[in-house]
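Take a look at the structure below.
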Amino acid sequence: MDPLSDFLPAMRVQSAVYTRVEASVPWGVDFNAYHHTKFGIILQGECLISVQGSEESIALSAGSCYLLPRGNPFTLRDRHNTPLVNFENLLHLLEGRLLRIGGGGELMTMMGGRFVFAEGRTPPLLSILPTLLHFKVSDAELQAMQATLQLLAAESQAPGLGSRRMIDRIAEIFFLQTLRAYINADSDQNVAWLGAVADGKIAKALRLLHEQSSQAWSVESLARQVGMSRSVFAQRFKSVVGEAPMEYLMRCRIHKATRLLQESTLSIGEIATMTGYVSDASFNKAFKRRLGVSPGAYRLQSAPAVSP
């Protein structure tokens, strides 16, 4: 099984937003939370990365790549005690896609940004991943990733016929390159996501939950589909994925519902039925428990602004 080919349709990347950062010592930046995946590639020099809530700082050097699948707040800096400036307060220094910061010392250069998903939020499959991934890419992978970003920049700066479609597909290619580089990295990390997509029976269950989320699945019916006993399947699924099958199913359904609320004019009742809920009330309850707002309020918040 090719896990990326099998699961990429469930992770619909819409675009990639990125900035080239040239930071000279001393420098330090903190980044706010964001509900899409953040990424970065160190091209020159070195820096430290840490995720909010963790006291651990990880050293990154040229050829290092990082991913924050759920867009957690994090910091980058030249050394542990360097003061931090919020990234939002540096935006006025942008020169196109280039941001120059720091005190004029040793230089660190990187490409950093975020993947924007079509559904508006991180796909459920990526939530299996750890908060922070960091790994080395090969020279060939680094060159290919830089070339893809250059193509993305060229298409964005000089749009033509079909540019929107081109940009979406280029962003998806870059996302695929990043995940493939992570899988190819020589790492001893026990990563649940890799285990999930490599475990044939659990991977089949995941595909069923993504592709047929409206079905009235139970732990028993899923176990039958993958040829396992209920107890063994439930235990293995939770061990590999990190949560119970029905909890994962709920997130798949809500994920699909957010896309339908954003992209369609279907009624709340129709969306409830399409996502596997037997009533509007049960759909509203599940949606609000997951996202903190009702489906109707979410649709209003997600509606594009109309210019006067």
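Each reported figure results from applying straightforward, stated rules to the coordinates on display, with no laboratory input. Keep in mind that this is a model prediction, so the values were computed, not measured. A quick note on method: Cβ atoms are made from the backbone with ideal geometry, for glycine too, and the neighbour counts reach across all protein chains shown.
Our note on the geometry: Cα centres of the stretch 88-117 and the stretch 19-54, 9 Å apart.
For the stretch 3-184, the residue among A154, T109, G71 whose Cα projects farthest onto the positive side of the dipole built from Cβ charges is A154.
Reported to two decimal places, what Rg/Rh ratio describes the stretch 199-299 when computed on Cα atoms with Rh from the Kirkwood expression?
On the way: Rg = 14.3 Å, Rh = 14.1 Å.
Ratio of gyration radius to Kirkwood radius for the stretch 199-299: 1.01.
Couplings 3J(HN,Hα) for the stretch 12-23, derived from phi with the Karplus relation 6.51 cos²θ - 1.76 cosθ + 1.60 (θ = phi - 60°), are 4, 7, 9, 6, 10, 10, 9, 9, 8, 10, 10, 10 Hz, where x marks Gly and Pro.
Mind pulling up the Rg/Rh value for the stretch 3-184? Radius of gyration and Kirkwood radius, both on Cα.
Result: Rg/Rh = 0.95.
Per residue and in Å³, how big is the convex hull formed by the alpha-carbon atoms of the stretch 64-165?
Each residue corresponds to 166 Å³ of Cα convex hull volume.
The angle between the Cα long axis of helix 200-211 and the main principal axis of the chain comes to about 80°, on a 0 to 90 degree scale.
What per residue convex hull volume, in Å³, comes out for the chain when only alpha-carbon positions are used?
Details: hull volume 49.4 nm³, N = 308.
Per residue, the Cα convex hull of the chain comes to 160 Å³.
You can think of it this way: the chain between E220 and A158 has 17.0 nm of extra reach, that is 0.36 nm per residue less the Cα-Cα gap.
Residue-wise HN-Hα couplings along the stretch 29-45, as the Karplus relation 6.51 cos²θ - 1.76 cosθ + 1.60 with θ = phi - 60° gives them from phi, are 9, 10, 10, 6, 5, 8, 8, 10, 7, 9, 9, x, 10, 7, 9, 7, x Hz; Gly and Pro carry x.
Per-residue ellipticity at 222 nm, computed for the chain from helices alone with -39500 (n - 2.57) per DSSP H run of at least four residues, works out to -13000 deg cm²/dmol. Label sites at S54 and L107, each approximated as a point 7 angstrom past Cα along Cα to Cβ, lie 3.0 nm apart. Taken one residue at a time, the phi angles of the stretch 288-300 give Karplus couplings (6.51, -1.76, 1.60, θ = phi - 60°) of 5, 5, 7, 10, x, 9, 6, x, x, 5, 4, 4, 5 Hz. Gly and Pro are set to x.
Relative to the longest principal axis of the Cα atoms of the chain, the long axis of helix 230-241 lies at roughly 10 degrees.
Modelled this way, with points 7 Å down the Cα-to-C-beta line, the labels at Q235 and Q262 are 3.9 nm from one another. For the stretch 199-299, the tally of Lys pairs with Cα-Cα distances below 16 Å comes to 4, considering only residues 8 or more apart or on different chains.
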